[in-house]
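See structure below.
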Amino acid sequence: MKRNVTVWLILSAIIMLLLPWLAVTFIKAHGGMAACLALLFGINPIYSVVVGVFAGKNSNQLWHLPIISALLFLLGTWLFFDMGEMAFVLYMAAYLVLSILAMLITKLINKKTNP
């Protein structure tokens, strides 16, 4: 279990920290804007749901993964885009809600299938 948590934390750091840095550093002009939109509206929400589903399989021990993932998103956007921009806090809250909902739904489904 500890190994799985480490893998998910590394994956969260890659997606929430490394991808924004890559978008800012290597993609210029309109391509950079497209990459940022793909991150904000595609990759990050999907990853948040996936983290929530994984955490829901054992929510007593993995409840912290959605929170860490959302905080890493905020850190990544503030570091590489605009420090203190409050719009990113709204995105973080949305990703956190998605993760928690996915975690709760997964926990409910597991509870019904394995009474």
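The values are calculated or read from the model by the stated rules, or taken from the named source; none is laboratory data. Since we're looking at a predicted model, the values are computed, not measured. A quick note on method: Cβ atoms are made from the backbone with ideal geometry, for glycine too, and the neighbour counts reach across all protein chains shown. Heads up: the accessible areas ignore ligands, DNA and RNA and are worked out on the full protein's heavy atoms, side chains in. Shrake-Rupley method; radii C 1.70, N 1.55, O 1.52, S 1.80 Å.
Checked against the criterion of being small (Gly, Ala, Ser) and either modelled with pLDDT under 95 or not in a helix (DSSP H, G or I) (or both), the candidates 102, 35, 94 yield just one match: 35.
Out of 23, 13, which single residue is under 15 Å from residue 79 (Cα atoms) and buried (at least 17 other Cβ atoms within 10 Å of the Cβ)?
Details: 13 fails: buried (at least 17 other Cβ atoms within 10 Å of the Cβ).
Matching residue, one of 23, 13: 23.
Here the condition is being of a type outside the set (A, V, I, L, M), more than 29 Å from residue 2 (Cα to Cα) and touching a Phe, Trp or Tyr at 6+ places or on another chain (Cβ under 6 Å); of 41, 80, it holds for 80 alone.
Considering only residues in region 95-115 that are surrounded by 13 or more Cβ atoms within 10 Å (Cβ to Cβ) and of a type outside the set (A, V, I, L, M, F, W, C), the one that is farthest from residue 57 (Cα to Cα) turns out to be 95. Given the conditions (1) in contact (Cβ under 8 Å) with a residue 60 or more places away in the chain; (2) open to solvent by 30 Å² or more (accessible area, probe 1.4 Å); (3) closer than 30 Å to residue 28 by Cα, which single one is not true for residue 92? Evaluating residue 92 over (1) in contact (Cβ under 8 Å) with a residue 60 or more places away in the chain; (2) open to solvent by 30 Å² or more (accessible area, probe 1.4 Å); (3) closer than 30 Å to residue 28 by Cα leaves (1) as the failure.
For region 39-50, how many residues are closer than 20 Å to residue 108 by Cβ and open to solvent by less than 40 Å² (accessible area, probe 1.4 Å)?
Residues in region 39-50 being closer than 20 Å to residue 108 by Cβ and open to solvent by less than 40 Å² (accessible area, probe 1.4 Å): 1 in total.
The condition of being touching a Phe, Trp or Tyr at 6+ places or on another chain (Cβ under 6 Å) and β-branched (Val, Ile, Thr) holds for only one of 15, 10, that being 15. Inside region 1-32, residues that are in a helix (DSSP H, G or I) and under 25 Å from residue 60 (Cβ atoms) make up a count of 14.
For region 51-79, a residue qualifies if it is touching a residue at least 12 places away in the same chain (Cβ under 8 Å), part of a helix (DSSP H, G or I) and open to solvent by 60 Å² or more (accessible area, probe 1.4 Å), and the qualifying residues are 61, 67, 71, 75, 79.
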